[in-house]
1. Please give the length that would be gained between ARG43 and ARG85 if that part of the chain were fully extended, namely 0.36 nm times their separation in residues minus their C-alpha to C-alpha distance (nm, one decimal).
2. Go ahead and run the numbers for FRET between MET1 and HIS139, Cβ-Cβ distance against an R0 of 22 Å, rounding to 0.05.
3. So if the hydrodynamic radius of the chain is defined as the Kirkwood radius over C-alpha pairs, what does Stokes-Einstein give as its diffusion coefficient at 4 °C and 1.567 mPa s, in µm² per second?
4. Taking only DSSP H segments of four or more residues, each worth -39500 (n - 2.57), what value at 222 nm results for the chain once the sum is divided by all its residues, to the nearest 500 deg cm²/dmol?
5. Of all GluC sites (Glu not before Pro) in segment 37-146, which ones are in loop regions per DSSP and have a Cβ with at most 16 other Cβ atoms within 10 Å?
6. Mind giving me the FRET efficiency for ASP132 and ARG22? R0 is 25 Å, r the Cβ-Cβ distance, nearest 0.05 is fine.
Amino acid sequence: MTEKDINAYVDKFGELMTMIGRTFGSAMPHGCGKADLTHVQFRVIYTLSHHDNSTMGDLSRIMEVTLGNMTMMIDRLVRYGYVLRAADPDDRRIVRVRLSEKSKKAMHTILNQRRKFLVHILSKLSAKDREDLLRIVAHVVEIPNK
C-alpha cells in the first residue's frame, strides 16, 4: 500500500468518524434527554458512576482535565443537584464527590435512550457485520495502547 493509499483511507476514516459523531449526536435528544445535561456534564456523571466518592484530583486525572476545570464542572453539577460534595470522614481537608439520586436517574434515562438508538442502528446490520464491526472497532481502540 502506498502512502497515497493510506492517506486516502485516513481521510475517509476521519470523514466517517465525524459523520458517526454527528449522526449519533443528532439522534439523541438535545441536552442528553430529559436530564438537560450537556455532553461534558454527562461524561462527568458517567465517570463518577464508575469512580463514585472520588476526590476532585482523582476525577481531573481520570478525565484528563485540569483541577480548575473539574472544579467548575462539579460546581455546576452541585448547583443543579446532580452531584454531592462531602468532606472525607478521615481527613476533613479532602473533599469527596458522589452522585445524587437525581444524577443516577438521569444517567439511567440517557443510557436507555442510547441503548434504544444503538439497537435501532445495529439491528439493521447482519450478525456477521455486527461481529466484524465490534472486532474491528475493538482492535482500532487497542492499537494506541500497544
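1. Values: separation 42, 0.36 × 42 = 15.12 nm, distance 1.76 nm.
Taking 0.36 nm per residue and subtracting the Cα distance, the gain is 13.4 nm.
2. Working: r = 17 Å, r/R0 = 0.79.
Approximately 0.80, to the nearest 0.05.
3. On the way: Rh = 18.0 Å.
Estimated via Stokes-Einstein, D reaches 72 µm²/s.
4. Working: 6 runs with 96 residues, N = 146.
Rounded to the nearest 500, the figure is -22000 deg cm²/dmol.
5. On the way: sites: GLU64, GLU101, GLU131, GLU142; in loops: GLU64.
Answer in residue order: GLU64.
6. Details: r = 23 Å, r/R0 = 0.92.
Computed FRET efficiency for ASP132 and ARG22 comes out at 0.60.
FYI, it's all coordinate maths here, none of it is from the lab. Quantities reported herein were computed from a predicted structural model and do not represent experimental measurements. Backbone-built Cβ (ideal geometry, glycine too); neighbour counts: all protein chains shown.
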